[in-house]
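Student: Below is a structure I'd like to ask you about.
The values are calculated or read from the model by the stated rules, or taken from the named source; none is laboratory data. Bear in mind that the values here come from a model prediction, so they are computed numbers and not experimental data. Note that we place each Cβ from the backbone using ideal geometry, even for glycine, and neighbour counts take in every protein chain shown.
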Amino acid sequence: MGSTIATAGGEQSPLRLSAASSATSSGGADWRDWVKLLKPRVVSLVVFTGWIGLFLAPGHLNPVLAFTAILCIAVAAGAAGALNMWYERDLDAAMQRTRRRPIPAGRIEPGAALAFGVTLSVASVIVMWLATNACAATILALSIGFYVFVYTIWLKRRTPQNIVIGGAAGAFPPLIGWAAVTGSVDVLPLLLFGIVFFWTPPHFWSLALYACRDYGRAGVPMLPVVAGARETRRQIFGYALVLALVAVLPWALGYTGAVYGVSAGLLSFGFVVLSWRVLRDRQDESGTSLTGDAPARLNFRYSLAYLAAIFVAVAADHLLVR
């Protein structure tokens with residue numbers, strides 16, 4: 001792997017050239033850079049939703065094996081993040097909010113990051129298979145492959161629907177946790193998959209609204225860049241409405257009790273209200289906010305709390321019901 005890296009438009013980025021050349025004189029990365037390569041904040045949410053899937057599953061899994069399964073989910077998510085950073089190093093170098101990441105900053109060589117990600121990916125799948133079963137290992141491998149090949153390589157630079165289709169990658173953990181215990185997949189983890197899937201667009205597009213210039217500068221066809229801020233606001237609100245319906249399905253179909261049903265209803269109502277505020281934010285003719293994108297930032301932060309609270313609610317409901 002050479003020291004020059006192509007930009008999204010196919011030309012070599014001066015920033016990437018500088019970063020690559022500095023890597024040889026940086027003396028190597030410390031452990032914190034390798035941790036950053038795993039995207040720990042993303043991993044924490046993935047681990048949590050995977051653990052909820054394992055917790056809800058009928059049957060029993062030895063605590064040591066259960067811990068191993070969760071560890072495999074964490075390692076796999078981190079490995080996918082490392083491979084994503086390796087492939088998108090040119091985009092990261094062009095964006096203000098990501099240019100200090102270990103690879104574009106020259107602290108980790110691209111080849112080392114690739115080897116790191118591949119090794120962790122393979123190891124996590126093998127250990128999951130040995131510790132639990134083939135079904136859980138297969139879904140784990142599918143989640144890594146979907147994030148790396150479908151979202152990162154195929155969709156990210158080609159379509160504004162990248163985050164919609166690619167959102168499935170982050171929705172797999174409840175299925176993996178459930179399968180680790182049962183060796184199969186059932187309706188409830190599929191419903192949890194659906195919640196994460198429909199949560200992803202309004203969550204990520206809220207961020208994209210105020211990071212639009214970064215994506216445009218990097219040539220990434222995120223929805224605000226391609227369709228404009230006004231259409232993005234409409235899509236955020238539309239997906240929030242769909243999410244509200246999907247979120248109450250576990251209760252409506254009888255898979256959870258009233259504790260979850262009430263919690264999901266109230267949490268979703270809050271998401272819809274905040275998404276409506278994003279839609280109705282003071283804008284100019286192009287849809288650009290005149291208030292500093294405060295509603296979009298608030299919606300993004302709420303969306304993180306929303307997903308965590310939804311999964312806490314389903315776990316609490318399960319404890320009370322059983």
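Student: Can you find a residue in segment 203-223 that is at pLDDT 90 or above, assigned to a helix (DSSP H, G or I) and not hydrophobic (A, V, I, L, M, F, W, C)? Spell out the reasoning first.
Tutor: The first filter runs over segment 203-223 and keeps only residues at pLDDT 90 or above, leaving 203-206.
Filter once more, keeping what is assigned to a helix (DSSP H, G or I): 203-206.
Keeping just the survivors that are not hydrophobic (A, V, I, L, M, F, W, C) gives 203, 206.
Yes, because at least one residue in segment 203-223 is at pLDDT 90 or above, assigned to a helix (DSSP H, G or I) and not hydrophobic (A, V, I, L, M, F, W, C).
Student: So which of Val35, Val64, Val46, Val42 ends up being of a type in the set (A, V, I, L, M, F, W, C) and modelled with pLDDT of 95 or more?
Tutor: Working: Val35 fails: modelled with pLDDT of 95 or more; Val46 fails: modelled with pLDDT of 95 or more; Val42 fails: modelled with pLDDT of 95 or more.
So the residue among Val35, Val64, Val46, Val42 that is of a type in the set (A, V, I, L, M, F, W, C) and modelled with pLDDT of 95 or more is Val64.
Student: Do we have Arg277 as farther than 21 Å from Thr49 by Cα and either touching a residue at least 40 places away in the same chain (Cβ under 8 Å) or under 19 Å from the mean Cα position of the chain (by Cα) (or both) here? Don't jump to the end; show me each part of the working.
Tutor: Values: farther than 21 Å from Thr49 by Cα: yes; either touching a residue at least 40 places away in the same chain (Cβ under 8 Å) or under 19 Å from the mean Cα position of the chain (by Cα) (or both): no.
Spelling it out, it is not the case that Arg277 is farther than 21 Å from Thr49 by Cα and either touching a residue at least 40 places away in the same chain (Cβ under 8 Å) or under 19 Å from the mean Cα position of the chain (by Cα) (or both).
Student: To continue, here is another question. Return the pairs, sorted by first residue and then second, in which the second residue is among the acidic types (Asp, Glu) and crowded, with 21+ Cβ neighbours inside 10 Å, the first residue lies in segment 126-150 and is farther than 21 Å from Leu38 by Cβ and at pLDDT below 95, the beta carbons are less than 8 Å apart, and the residues are 6+ apart or on different chains.
Tutor: none
Student: Taking Leu192 as the residue in question, decide whether it is farther than 25 Å from Ser143 by Cα, in contact (Cβ under 8 Å) with a residue 60 or more places away in the chain, buried (at least 23 other Cβ atoms within 10 Å of the Cβ) and not hydroxyl-bearing (Ser, Thr, Tyr). Explain how you work it out, then say what you get.
Tutor: On the way: farther than 25 Å from Ser143 by Cα: no; in contact (Cβ under 8 Å) with a residue 60 or more places away in the chain: yes; buried (at least 23 other Cβ atoms within 10 Å of the Cβ): yes; not hydroxyl-bearing (Ser, Thr, Tyr): yes.
So Leu192 does not fit the description; no.
Student: Being in a helix (DSSP H, G or I) and either without any contact (Cβ under 8 Å) to a residue 12 or more places away in the chain or more than 16 Å from Arg41 (Cβ to Cβ) (or both): is that true of Ala79 here? Give the steps one after another, and end with the answer.
Tutor: Values: in a helix (DSSP H, G or I): yes; either without any contact (Cβ under 8 Å) to a residue 12 or more places away in the chain or more than 16 Å from Arg41 (Cβ to Cβ) (or both): no.
So Ala79 fails the test.
Student: Can you name the condition, by its number, that Asp317 falls short on among (1) charged (D, E, K, R); (2) modelled with pLDDT of 95 or more; (3) over 16 Å from Ile52 (Cβ atoms)?
Tutor: It is condition (3) that Asp317 fails.
Student: Does any residue in segment 230-246 that is closer than 13 Å to Gln283 by Cα come within less than 9 Å, Cβ to Cβ, of a residue that is assigned to a helix (DSSP H, G or I) and at pLDDT 95 or above six or more places away or on a different chain, and which pairs are these?
Tutor: Between residues of segment 230-246 that are closer than 13 Å to Gln283 by Cα and residues that are assigned to a helix (DSSP H, G or I) and at pLDDT 95 or above, the close pairs are Arg233/Ser275.
Student: Next up: Could you figure out which of (1) touching a residue at least 12 places away in the same chain (Cβ under 8 Å); (2) surrounded by fewer than 23 Cβ atoms within 10 Å (Cβ to Cβ) isn't true of Gly216?
Tutor: It fails just one condition, (1).
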